[in-house]
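Reviewing the structure listed below.
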Amino acid sequence: MFYTILEDLILYQQLAFKPSKYSNYELKLFKYFYDKTQIDLSYLIIMKIEGVDFIFLFVKQDKYFEARSYLKSIRHQINLVNKKVMIIRVDNILINLIFNLFPDLCIHDIEIETNNLKRRYEISICFLKDLNTYHIAVGQNGRYIKAINKFFDNHISFKNVNTPLTIKCKAVN
């Protein structure tokens, strides 16, 4: 991959989370999380993809590892039938947020392509084929990557220029 200034302009854009109204269920999750961890959530976003609820709990960077230590018990206490719970570091730089959304995976490379037909940038996150991390990143039937794209479409805006983008996962040799 050749380095270009365009990649810096896209990957290092400042982001803003679009404000959303919380349902009673989401407010109960806020309270539950605080009661359990004594950590304030920055954002809570629930994405429903093909019958599965993806619950993204965003915490500040300095509280991430402390919050992460409660993840296993939170997953057990929340009824996990068709629910996936993730604790994610909140960040307002695109590249950092992408790495935070795939925290335990070995990302090999990131490629940026322009899709002129859809007038979108496509960010491809490349994983080594041998490590089986591609399957974890995409999720069962591609649900996780669909949740990530829906998250970017509905809850993220760019501070400087509105750049629509799609995130894809690729396995490379």
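Please specify each residue of the stretch 8-23 satisfying the condition of being at pLDDT 80 or above, outside any strand (DSSP E or B) and loosely packed, with under 13 Cβ neighbours inside 10 Å.
Tyr12, Lys18, Lys21, Ser23
Could you count how many residues in the stretch 67-89 are in contact with a helix residue (DSSP H, G or I) (Cβ under 7 Å, 6 or more places away or on another chain) and either closer than 20 Å to Met47 by Cα or of a type outside the set (A, V, I, L, M, F, W, C) (or both)? Please lay out each step first, then the result.
Filtering the stretch 67-89 for residues in contact with a helix residue (DSSP H, G or I) (Cβ under 7 Å, 6 or more places away or on another chain) gives 67, 70, 74, 85, 87-89.
After this cut, where a residue has to be either closer than 20 Å to Met47 by Cα or of a type outside the set (A, V, I, L, M, F, W, C) (or both) as well, the list is 70, 74, 85, 87-89.
Residues that pass the stated criteria total 6.
For (1) over 17 Å from the mean Cα position of the chain (by Cα); (2) in contact (Cβ under 8 Å) with a residue 40 or more places away in the chain, each residue gets a yes or a no:
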| site | (1), (2) |
| --- | --- |
| Ile55 | no, no |
| Lys60 | no, no |
| Arg68 | no, no |
| Val81 | yes, no |
| Phe102 | no, no |
| Ile110 | no, yes |
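State all residues of the stretch 13-41 that are touching a residue at least 24 places away in the same chain (Cβ under 8 Å), farther than 16 Å from Leu71 by Cβ and not charged (D, E, K, R); if no residue qualifies, say none.
Gln13, Gln14, Leu15, Ala16, Phe17, Ser20
Just one of the numbered conditions (1) more than 19 Å from Tyr144 (Cβ to Cβ); (2) hydrophobic (A, V, I, L, M, F, W, C); (3) not in a helix (DSSP H, G or I) is not true of Ile88; which one?
With respect to (1) more than 19 Å from Tyr144 (Cβ to Cβ); (2) hydrophobic (A, V, I, L, M, F, W, C); (3) not in a helix (DSSP H, G or I), Ile88 is out only on (1).
Could you please find all residues in the stretch 57-86 being of a type in the set (Lys, Arg) and under 18 Å from Arg143 (Cβ atoms)?
Of everything in the stretch 57-86, those that are of a type in the set (Lys, Arg) and under 18 Å from Arg143 (Cβ atoms) turn out to be Arg75, Lys83, Lys84.
Buried (at least 19 other Cβ atoms within 10 Å of the Cβ), within 21 Å of Lys18 (Cβ to Cβ) and in contact (Cβ under 8 Å) with a residue 60 or more places away in the chain: which single residue out of Ile93, Ile87, Ile145, Ile45 fits that description?
It is Ile45.
Looking only at the stretch 127-170, which residues are under 20 Å from Ile87 (Cβ atoms), modelled with pLDDT under 80 and not in a helix (DSSP H, G or I)?
Listed by number, the list holds a single entry, Gly139.
The values are calculated or read from the model by the stated rules, or taken from the named source; none is laboratory data. As the structure is a prediction and not an experimental result, all values here were calculated from the model. Using ideal geometry, Cβ is built from the backbone for each residue, glycine included, and neighbour counts are taken over all protein chains shown.
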